[in-house]
Amino acid sequence: MKIGAQGRRAGFAAGAMFGIGVSLAGAFAWSQTSGTAHSKPVYTIALENERVRVRDVTFPPDVLDTGMHTHTYAHVGVILTEGALLFTDPAGKTERVEFKSGSVGFREANATHQVANPGTTPMRVIEVELKQ
C-alpha cells in the first residue's frame, strides 16, 4: 500500500502529538512526587560548543546535597523559578540565597560549593558556562 504525502504528514503529526502527550504526562508525574524520590539535580545540556556550555538544571525540592563540586568555568546563572538555594563552601559556611524568577547571577571560575534546595518546589536554573 502506497501512502501519499498527505498521509505521511498526518502520521507524523499523530506521532508528534503522542510524543508530546507522553512527555507532558511524565513531567506531571514527576512534579507530583516528593523530593526524596529525586534527591539529585537533573542536568540537561541545552547547547555546547568550544566557547560555552549551557545547562538547564532542576534542583528538586528537598535536595539535601549535590556533593561538593568545583565549577571549572566562570558561569552566569539565570533563575527560571522563584525559590531559595543553600550554598555551602568547603569550610562549611552556608549561605541561603533567595531568588526571584528572572534574576541573574555570576560566579568566577573554580567556584567550589555544594547546593541544596530547602524548598517544597523545584528550582530551575539555566547555567551558561564561559569556556574562553
| message | List the GluC sites (Glu not before Pro) within region 89-127 that DSSP assigns to loop and that have no more than 14 neighbouring Cβ atoms inside 10 Å. | response | E108
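Arrange the following residues from fewest to most other Cβ atoms within 10 Å of their Cβ: F59, F106.
Final ranking by Cβ density, sparse to dense: F106, F59.
For region 35-130, what does the relative contact order come out to in percent, with C-alpha contacts under 8 Å and a separation of six or more?
Worked out over region 35-130, it gives 38 percent.
Only the coordinates and a few stated rules stand behind these numbers; no lab work does. Quantities reported herein were computed from a predicted structural model and do not represent experimental measurements. We place every Cβ from the backbone using ideal geometry, glycine too, and count neighbours over all the protein chains shown.
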